[in-house]
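> This is the structure I have questions about; it appears just below.
The values are calculated or read from the model by the stated rules, or taken from the named source; none is laboratory data. Since this is a predicted model, take the numbers as computed values, not measurements. Using ideal geometry, Cβ is built from the backbone for each residue, glycine included, and neighbour counts are taken over all protein chains shown. For the accessible areas, the whole protein counts, side chains as well, though only heavy atoms, and no ligand, DNA or RNA atoms are used. Shrake-Rupley method; radii C 1.70, N 1.55, O 1.52, S 1.80 Å.
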Amino acid sequence: MQVEIVAGLTGLAGLAIGLTTGLAVRMSERAQRIEQAAQHRPVLPPGIASVLSVLRSSAVVIDAEDRVVRASPAARAFGVVSGDRLVVDELLAMARLVRRDGEIRETEVQVPPSRGRGRAEGRWFAVRVAPLGTHGLVLVLAEDLTEMRRTEAIRRDFVANVSHELKTPVGALSLLAETVAGAADDPEAVRRFTGRMQIEAVRLNNLVQDLMTLSRVQGDEPLPEPRPVALDDVVGEAVDRCRIKAEAKDIELVVGGRVGLRVRGDEELLVTALRNLIDNAVAYSPDNTRVVIATTQADADHVELTVTDQGIGIPDAELERIFERFYRVDPARSRRTGGTGLGLAIVKHVTTKHGGEVTVWSKEGSGSTFTLRLPLMRGDNPTTQPATAPRNHQGPVTDNVREATP
């Protein structure tokens, strides 16, 4: 019995030794393969790695077997490289041609978006492919052109939209002038057509003024001379400028909220932004309704100006685009009311220029609330009465407010 136990233990020991020996041999062979691969892996020419590390372009170096030797983080982030492979087929084909004939090639390519990325159209790159050294290495440089192309598209659209918007009143004025000339013997017709000409001239003047204001505020440059601005003065001036249009529709302009709040910026630009919001509220509200302008202190560092109407509201699908230049939810209604399509774009840029943001709440059939959130002027800690208009903007603000006085 003891002999059998000893024999079994001996067999188990032999099996363990055999397994250990086999595992050691396999690990040794694997290490040798890794070492051999490392020995045959191309080495970048001296100084190339340092140069690639400071380039703003996406940089990729591939070897003679199309494996990625080095890739910048940007190249991986943009989806040009995955693992050790160049995944854009057009770039890979160019790299092979460059490796074969040694000629430098340039092109522009579009890289489709990676999974989970929000940019559905992908990104555009200006690509330059060149040989690197004498071991089959190829350098691929890709400069991101996406923002430049987007800016060019916006510029083209802007020029086309401006041309279209200018053509309408200019064409109307030309036609009306011909009509007036042909009706010189009819005083009533002359008065009627000259009245129409005045309307078109006002529309043209408004468009030019809005274009000038937009060109002033849409750049990245800071305000040239920001000064303390009392929001009470901004609200008063904006309401005064909108009063005639509101009275023509029997719309009550109501002012409420906290007084004595100040911001730092440009008073005329802030008045223009608020006036545009009030004008929109009046234009898209039924007769005999109210438009409420409220000033509140949102927190220790910010103030809010809100304009709330009881108008037709804005569809959910349109909310993301209403601040685009020349975008109109209802183009026919906007032209009837004399809108230029630039008012909300100006509001957005003016607010951004002052370090703030503009938001909108709206529900079809229940009205809209636009909110300008601006930095409170440092050192201000108003001790005036608390805001009488509620700060919850999830619907029209209609309580505890006072009517604007002329």
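> According to a simple spin-label model (label point 7 Å from Cα along Cα-to-Cβ), what is the distance in nm between L92 and K249?
6.0 nm
> Under a point spin-label approximation (7 Å from Cα along Cα-to-Cβ), what is the M212-A183 distance to one decimal in nm?
Each label point is offset 7 Å from its Cα along the Cβ direction, giving 3.1 nm.
> A further question follows. Could you grab the Rg to Rh ratio for region 145-258? Cα atoms only, Kirkwood for Rh.
1.12
> Still on this structure, please answer the following. Which ³J(HN,Hα) values, rounded to whole Hz and listed in residue order, are derived for region 196-211 from phi using the Karplus coefficients 6.51, -1.76 and 1.60 in 6.51 cos²θ - 1.76 cosθ + 1.60 with θ = phi - 60°, glycine and proline given as x?
Karplus values, whole Hz, x for Gly and Pro: 5, 5, 5, 4, 5, 5, 5, 4, 5, 5, 4, 5, 4, 4, 5, 5.
> First select every other residue whose beta carbon is under 12 angstrom from the beta carbon of G356; then total the charges, Lys and Arg +1, Asp and Glu -1. Please list the in-between numbers first.
Details: positive: R264, K348, K353, R373; negative: D301, E304, E357.
Result for the neighbourhood of G356: +1.
> Any idea what the dipole of region 155-266 comes to, in debye rounded to 20, about its Cα centre with Lys/Arg Cβ at +1 and Asp/Glu Cβ at -1?
In total the dipole reaches around 240 debye.
> Please give the net charge around A189, taking every other residue with its beta carbon less than 15 angstrom from that of A189, where Lys and Arg add +1 and Asp and Glu add -1.
-1
> For q = 0.16, 0.17, 0.19, 0.21 Å⁻¹, what log10 I(q)/I(0) does region 195-320 give under the Debye formula with an equal point scatterer on each alpha carbon and no solvent?
Per q value, in the given order, log10 I(q)/I(0) is -0.97, -1.07, -1.24, -1.35.
> Moving on. Just to check I understand the Karplus step: with θ = phi - 60° and J = 6.51 cos²θ - 1.76 cosθ + 1.60, what whole-Hz values come out for region 221-238, glycine and proline as x?
5, x, 4, x, 9, x, 10, x, 10, 7, 5, 4, 5, 4, 5, x, 5, 5
> Could I ask something else about it? Using the heavy atoms of the protein chains and a 1.4 angstrom probe, tell me the accessible area per residue for region 230-310 in square angstrom.
35 Å²
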